[in-house]
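Novice: Before we start, here is the structure in question, set down as C-alpha cells.
The values are calculated or read from the model by the stated rules, or taken from the named source; none is laboratory data. In this text the structure is predicted, and so the values were computed from the model without any measurement. Cβ atoms come from the backbone with ideal geometry, glycine included; neighbour counts cover every protein chain shown. The protein model used for the area step is the full one, side chains on, heavy atoms only, and it has no ligands, DNA or RNA in it. Shrake-Rupley method; radii C 1.70, N 1.55, O 1.52, S 1.80 Å.
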There are 2 protein chains.
Amino acid sequence: MEVHQLRYFCAVAETASFTRAAEREKVAQPSLSQQIMKLEKELGGRLFDRLGRTVRLTSMGKVFLPRARAILNELKAARDEAAASQSTLSGPVCIGAIPTVAPYFLPAQIASFSAKFPQASITVVEDVTARLMDRLRASLVDLALMAHPTRANDLKFFPLCSERLFAILPKDHRLAKRRNVLLEELREDPFLLLRDDHCFRETAMEMCKRARLSPRIVFETGQFSSILGMVGAGMGISIIPEMAVERRSDCSFVLIADENALRTVGVVTLKGRFLSRVQQTFLEHMRSQSEAKIPD
Amino acid sequence: MEVHQLRYFCAVAETASFTRAAEREKVAQPSLSQQIMKLEKELGGRLFDRLGRTVRLTSMGKVFLPRARAILNELKAARDEAAASQSTLSGPVCIGAIPTVAPYFLPAQIASFSAKFPQASITVVEDVTARLMDRLRASLVDLALMAHPTRANDLKFFPLCSERLFAILPKDHRLAKRRNVLLEELREDPFLLLRDDHCFRETAMEMCKRARLSPRIVFETGQFSSILGMVGAGMGISIIPEMAVERRSDCSFVLIADENALRTVGVVTLKGRFLSRVQQTFLEHMRSQSEAKIPD
DNA sequence: GGACTTCCATAGCTAACGCCTATTGCAAGC
DNA sequence: GCTTGCAATAGGCGTTAGCTATGGAAGTCC
C-alpha cells in the first residue's frame with residue numbers, strides 16, 4: 001500500500017471517474033488504473049464498480065475512503081509540523097550553564113532572545129562542567145555555557161568572551177585601595193574558594209600556582225555570593241571573574257596584575273549533533289551579543 | 001514521503017541504529033540510510049544525530065516519530081478493515097424485493113442466513129419492479145428479488161424457482177371444489193387484480209390473454225392479502241402464485257390447468273457490480289435454498 | 001599506539017516499478 | 001450502425017529503491 005495509491009483512490013472516489021482523477025493527479029489514465037488495481041489486489045477485493053460509464057464505490061470502497069483520507073491528512077500534518085519545526089523559530093532550547101556563569105551572563109541573553117523569538121521555549125540547567133558534559137553527550141542539553149576550551153574532542157567550543165580576574169578583599173584590607181595587585185602580595189591571607197567540582201576553583205588554583213602560592217583554604221562553597229558575604233565579613237580573600245564583580249560596601253575588587261589572569265567563557269555543543277533552527281539561532285545570538293563585550 | 005520511509009524511520013528510532021534497523025526491515029543498510037536521508041531532505045532537516053556510534057533523534061525527529069507511528073498504525077488498520085470487510089462475512093447487504101414475493105419468500109431466507117452469519121447486517125427494500133431496477137442501477141440495493149427474467153441488459157437474472165399459479169375462488173363458487181380449472185371457465189367472473197405497476201398483474205393478464213379472456217376488473221390493490229379478503233367476501237375471483245396460497249375458510253385455491261401457468265422468481269444484480277463476500281454469499285444462499293423448492 | 005572492529009556514508013550497478021503512448025473493448029447516445 | 005466516452009490492456013522507457021563493495025571515523029583491544 002503506497003501513498004500515491006491512496007491519493008489516486010481518493011481522487012477517483014471524489015471525481016467518480018478514472019479519467020478526471022488522472023487529470024487531477026497529473027498522471028495518465030492507464031497509470032492511475034494500474035495503481036487502483038494494484039491496491040484492490042492488495043486489499044483482496046474491488047474498491048470501485050465499473051458500470052459502463054459510471055464509476056462507483058463498492059461497500060469496501062466506502063469503508064476504505066474515510067481511512068484513506070485520514071491517512072493523507074495525517075501525512076500532510078506530519079510533513080507540515082516537521083517542516084514548521086525547522087522553518088519557524090520555535091521549539092525547545094535547553095541550555096546548560098555552570099554556576100559561575102549562569103546568574104551573571106544568561107539572564108540578559110535569554111531576555112533579549114525571548115523578546116526577539118517569543119516562540120522559543122527555553123529551559124536552563126545549572127550544573128558543574130563535568131555533569132554538563134555528560135548532559136551534552138546524552139543530548140539532555142543542546143548548548144552549554146562553560147569556561148575554558150574543553151579538551152574532550154567529541155565536543156566543540158565556541159569562545160564568547162574573555163574576562164579579567166579580580167582579587168576580592170575586605171574593605172579594610174591593607175591592599176583594598178590599590179588599583180591592581182599581584183597574587184604574591186596575598187601570600188599570607190586565608191583563601192575562600194569554590195568547591196572542588198567547580199571549574200573556577202581550578203582557574204583560581206592555577207593562578208596561585210603561577211604566583212608560587214599555596215593558599216590556605218578556610219571556606220568552600222558553591223556560589224560567589226557566599227564568598228562575597230564571607231569576605232565582607234573579614235573571613236579572608238578570594239578571586240572572582242569580572243562578571244561576578246558587584247558594588248558592595250564591605251568588599252573591594254582589585255584587578256590582578258597578570259596578563260594571564262583571564263577566564264574564557266564559551267558555548268559548547270556536541271559534535272555531530274544537529275541543532276534545530278532555534279537552537280542554532282540561540283547560539284548565534286549569544287555569539288553576536290558577546291562580541292561587543294569581549295573586553296580586549 | 002513514502003510509506004517505507006516512515007517504516008525505516010521508526011525502525012531506526014526504535015533500534016537506535018541504522019544497521020539493526022536495516023536487519024529488522026530486511027534491507028541493506030545503505031538502502032535504509034538513503035531513504036532516511038531522502039526523508040530528511042524532504043522535511044528540511046535532520047531526523048537523527050549521528051554521534052559516532054550512537055544514533056539519536058533530533059528534536060524534529062522527536063516530534064515526527066509519534067506522527068509516523070500513528071500513520072503506520074492507521075495504514076495497518078485501514079488494510080485490516082478492508083481485508084476484513086472482504087474476508088469475514090460481515091457488512092451490509094441491501095435486498096430489494098417486489099411486494100408479491102417479499103412477504104412469502106424473504107423472511108425464511110433472511111432468518112436462515114442471519115442464523116449462519118449473524119455479522120451480516122441485512123436491510124430490505126420492498127418496491128415494484130421498475131423502481132427496484134432503478135435502485136439496482138443506483139447501487140442503493142445490492143440484490144433484488146423479482147419475477148421473470150429482466151429484459152434490461154445491464155442487469156443479470158439468477159432464477160430461483162418457478163411456481164404454479166392458482167385461481168382463487170370464494171368457498172361457495174361453482175368451481176371451488178375442482179382439482180384444477182381452465183381460465184376459460186372463469187370468463188364471466190369479475191376479476192380482482194393488483195395495481196398497474198405490479199408485475200404480477202402483467203403475469204395474470206398474460207394468462208387471461210392466452211385464454212382469450214378480457215377480464216372485468218372490479219378491484220385493484222397493492223397486496224394479495226387484500227385480494228384474498230375480498231375474494232373471501234364474494235366480490236369476485238383472482239389469480240395468485242403458489243407462495244401466496246394460505247389455508248382460509250372463505251376461499252378455495254384451484255390449480256390452473258395450463259402448463260404455462262408459472263411465475264419464475266429470481267435474483268437480479270447489476271452487471272459489473274462487485275459484490276462483497278457477504279453479498280455474494282447471500283445470493284448463493286438463496287440459490288441453494290431454493291433449489292430444493294423448484295417444484296418441477 | 002597501531003591493528004581491529006563497528007557503524008554510517010558513498011559509489012556504482014541492477015532490477016523493479018511507476019509512468020508513458022497507443023490500442024482494444026465495451027457501453028451509451030445520436 | 002456509427003460515433004463518442006471511458007476504462008483496461010500492451011509494450012517501451014526512465015526513475016529509483018535496492019544491492020554489493022568500499023571509504024572513513026570512532027571506539028576497542030592487545
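Novice: Condition first: within 7 Å of DNA strand D (Cβ to nearest atom) and outside any helix (DSSP H, G or I). Now tell me which residues in the range B:1-16 satisfy that.
Specialist: B:Glu2
Novice: Being out of contact with any helix residue (DSSP H, G or I) (no Cβ under 8 Å at 6 or more places or on another chain), more than 7 Å from chain A (Cβ to nearest Cβ) and farther than 17 Å from A:Asp80 by Cβ is the filter; apply it to the range B:53-72 and report the residue that is surrounded by the fewest Cβ atoms within 10 Å (Cβ to Cβ).
Specialist: The extreme case among them is B:Arg53.
Novice: Filter the range A:118-128 down to the residues that are part of a loop (DSSP other than H, G, I, E, B) and out of contact with any Ser or Thr (no Cβ under 7 Å at 6 or more places or on another chain) and list them by number.
Specialist: A:Pro118, A:Asp127, A:Val128
Novice: B:Met235 versus (1) within 27 Å of B:Leu160 (Cβ to Cβ); (2) open to solvent by 40 Å² or more (accessible area, probe 1.4 Å); (3) in contact with a Phe, Trp or Tyr (Cβ under 9 Å, 6 or more places away or on another chain): which is the lone unmet condition?
Specialist: With respect to (1) within 27 Å of B:Leu160 (Cβ to Cβ); (2) open to solvent by 40 Å² or more (accessible area, probe 1.4 Å); (3) in contact with a Phe, Trp or Tyr (Cβ under 9 Å, 6 or more places away or on another chain), B:Met235 is out only on (1).
Novice: Across the range A:78-94, what is the total count of residues that are open to solvent by 30 Å² or more (accessible area, probe 1.4 Å) and more than 7 Å from every other protein chain (Cβ to nearest Cβ)?
Specialist: 5
Novice: Based on what the data block shows, is A:Leu182 assigned by TED's automatic domain parsing to the domain that holds A:Arg247, within 23 Å of A:Asn260 (Cβ to Cβ) and touching a strand residue (DSSP E or B) at 6+ places or on another chain (Cβ under 7 Å)?
Specialist: Against the criterion (assigned by TED's automatic domain parsing to the domain that holds A:Arg247, within 23 Å of A:Asn260 (Cβ to Cβ) and touching a strand residue (DSSP E or B) at 6+ places or on another chain (Cβ under 7 Å)), A:Leu182 does not qualify.
Novice: Under 9 Å between Cβ atoms, at least 6 apart or on separate chains: pull out the pairs that start in the range B:17-30 with a residue that is more than 14 Å from every other protein chain (Cβ to nearest Cβ) and part of a helix (DSSP H, G or I) and end on any residue that is open to solvent by 100 Å² or more (accessible area, probe 1.4 Å) and within 10 Å of DNA strand C (Cβ to nearest atom).
Specialist: Correct list of pairs: B:Gln29/B:Glu23.
Novice: Please pick out the residue among A:Asp189, A:Asp172, A:Asp154 that is touching a residue at least 12 places away in the same chain (Cβ under 8 Å), open to solvent by 10 Å² or more (accessible area, probe 1.4 Å), farther than 20 Å from A:Arg263 by Cα and assigned by TED's automatic domain parsing to the domain that holds A:Arg287.
Specialist: Step by step, each of A:Asp189, A:Asp172, A:Asp154 is checked, and only A:Asp154 is touching a residue at least 12 places away in the same chain (Cβ under 8 Å), open to solvent by 10 Å² or more (accessible area, probe 1.4 Å), farther than 20 Å from A:Arg263 by Cα and assigned by TED's automatic domain parsing to the domain that holds A:Arg287.
Novice: Residue check: is A:Val12 under 25 Å from B:Lys271 (Cβ atoms), of a type in the set (Val, Ile, Thr) and not assigned by TED's automatic domain parsing to the domain that holds A:Ser226?
Specialist: It is true that A:Val12 is under 25 Å from B:Lys271 (Cβ atoms), of a type in the set (Val, Ile, Thr) and not assigned by TED's automatic domain parsing to the domain that holds A:Ser226.
Novice: I want to confirm something. Restricting to the range B:123-149 and keeping residues that are open to solvent by 40 Å² or more (accessible area, probe 1.4 Å) and touching a helix residue (DSSP H, G or I) at 6+ places or on another chain (Cβ under 7 Å), which single residue is nearest to the other protein chains (Cβ to nearest Cβ)?
Specialist: Among those that are open to solvent by 40 Å² or more (accessible area, probe 1.4 Å) and touching a helix residue (DSSP H, G or I) at 6+ places or on another chain (Cβ under 7 Å), it is B:Val124.
Novice: Sticking with this one: Within the range B:37-49, can one find any residue that is of a type in the set (Gly, Ala, Ser), more than 15 Å from DNA strand C (Cβ to nearest atom) and either within 13 Å of another protein chain (Cβ to nearest Cβ) or more than 23 Å from A:Glu74 (Cα to Cα) (or both)?
Specialist: yes
Novice: Something else about it: Does A:Glu2 satisfy the criteria of being more than 8 Å from chain B (Cβ to nearest Cβ), at pLDDT 90 or above and either under 51 Å from the mean Cα position of the chain (by Cα) or within 13 Å of DNA strand C (Cβ to nearest atom) (or both)?
Specialist: no
Novice: Specify which of the listed residues (A:Arg135, A:Arg131, A:Arg151) is modelled with pLDDT under 90 and either part of a helix (DSSP H, G or I) or acidic (Asp, Glu) (or both).
Specialist: That would be A:Arg135, the only listed residue that is modelled with pLDDT under 90 and either part of a helix (DSSP H, G or I) or acidic (Asp, Glu) (or both).
Novice: Please tell me if B:Ala97 is surrounded by 21 or more Cβ atoms within 10 Å (Cβ to Cβ) and either more than 8 Å from every other protein chain (Cβ to nearest Cβ) or of a type outside the set (Lys, Arg) (or both).
Specialist: Yes, satisfied.
Novice: Sticking with this structure for a sec: Just to verify a result, which residue in the range A:33-50, among those that are outside any helix (DSSP H, G or I) and among the basic types (Lys, Arg), is nearest to DNA strand D (Cβ to nearest atom)?
Specialist: Out of the qualifying residues, it is A:Arg50.
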